[in-house]
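The values are calculated or read from the model by the stated rules, or taken from the named source; none is laboratory data. Note that the coordinates shown come from a computational prediction; the quantities given were computed from them, not determined experimentally. Please note: Cβ atoms are built from the backbone with ideal geometry, for glycine as well, and neighbour counts cover all protein chains shown.
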């Protein structure tokens, strides 16, 4: 879904509504998160932030071809990986032959020469923003340091409207990763990006894994906003 022009005055704070409503989905076939990201990055130059993943998960994900960084390396024109987890970084470096990977704190460290010496199509930030204490401050610093070198920022976050959360709420419970600080909807994620200097362009709802049950598949095709993941593309 693309953002229509009438949304931007609200994102920019020029207009206010206590009950603003805008279209966020239309009936579509289900798509999984990895396929959507790699298709958008095919033939592109990509920076992948948080590329390594959690150490106990990496080997199995690589074996089953569900490790995002590995798939981006295969599909993109060039993909560099950056991460602040030294244990995960060393695990990948020690056990696999991936090049163009950097142990780097995107905010605290000086600008990375590997990034600022070129221009990039996408900066991919997958499942990170919900763990950050200050999302706006974080994205502002990212824009200040690297906005001149990156055409698009792609952010993926858990979807606040997802079907599992609704099901659990019906049972008077919350279902959540306990390290998450925030839930995001299309408008709130777009607002955070807009206030940080990134212009929201379009978004999509995806699944981590495609549903295997027929009824679940049909529900998610009819109501895409119930899917697990929200992916949003921003322009610099």
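Filtering 81, 70 for residues that are buried (at least 18 other Cβ atoms within 10 Å of the Cβ), in contact with a strand residue (DSSP E or B) (Cβ under 6 Å, 6 or more places away or on another chain), in contact (Cβ under 8 Å) with a residue 12 or more places away in the chain and not in a loop (DSSP other than H, G, I, E, B) leaves a single hit, 81. Of all residues in the stretch 84-102, none are buried (at least 18 other Cβ atoms within 10 Å of the Cβ), under 27 Å from residue 204 (Cβ atoms) and in contact (Cβ under 8 Å) with a residue 12 or more places away in the chain.
Of the residues making up the stretch 150-186, those that are over 15 Å from the mean Cα position of the chain (by Cα) and touching a residue at least 60 places away in the same chain (Cβ under 8 Å) are 150, 151, 161, 162, 163, 164, 166.
Looking only at the stretch 103-131, which residues are closer than 15 Å to residue 148 by Cβ, touching a residue at least 60 places away in the same chain (Cβ under 8 Å) and in a loop (DSSP other than H, G, I, E, B)? Once the filter is applied, which keeps residues that are closer than 15 Å to residue 148 by Cβ, touching a residue at least 60 places away in the same chain (Cβ under 8 Å) and in a loop (DSSP other than H, G, I, E, B), the stretch 103-131 yields 118, 119.
Every residue, every condition in (1) modelled with pLDDT of 95 or more; (2) part of a strand (DSSP E or B); (3) surrounded by 15 or more Cβ atoms within 10 Å (Cβ to Cβ), yes or no:
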{"residue": "197", "(1), (2), (3)": "yes, no, yes"}
{"residue": "200", "(1), (2), (3)": "yes, yes, yes"}
{"residue": "205", "(1), (2), (3)": "yes, yes, yes"}
{"residue": "211", "(1), (2), (3)": "no, no, yes"}
{"residue": "215", "(1), (2), (3)": "no, no, no"}
{"residue": "225", "(1), (2), (3)": "yes, no, yes"}
{"residue": "230", "(1), (2), (3)": "yes, yes, yes"}
{"residue": "233", "(1), (2), (3)": "yes, yes, yes"}
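Taking the stretch 1-22 as the range and being exposed (fewer than 10 other Cβ atoms within 10 Å of the Cβ), within 24 Å of the chain's Cα centre (by Cα) and in a loop (DSSP other than H, G, I, E, B) as the test, the residues that pass are 4, 21. Residues that are without any contact (Cβ under 8 Å) to a residue 60 or more places away in the chain, within 23 Å of residue 132 (Cβ to Cβ) and not in a helix (DSSP H, G or I) were ranked within the stretch 43-67; the one that is farthest from the chain's Cα centre (by Cα) is 54. Inclusion of residue 181 among residues that are closer than 29 Å to residue 205 by Cβ, surrounded by fewer than 18 Cβ atoms within 10 Å (Cβ to Cβ) and either touching a strand residue (DSSP E or B) at 6+ places or on another chain (Cβ under 8 Å) or at pLDDT 95 or above (or both) is warranted. In this structure, residue 43 does not satisfy being touching a helix residue (DSSP H, G or I) at 6+ places or on another chain (Cβ under 7 Å) and more than 27 Å from residue 188 (Cβ to Cβ). Checking the stated criteria, residue 58 turns out not to satisfy the condition of being touching a strand residue (DSSP E or B) at 6+ places or on another chain (Cβ under 9 Å), modelled with pLDDT of 95 or more and surrounded by 18 or more Cβ atoms within 10 Å (Cβ to Cβ).
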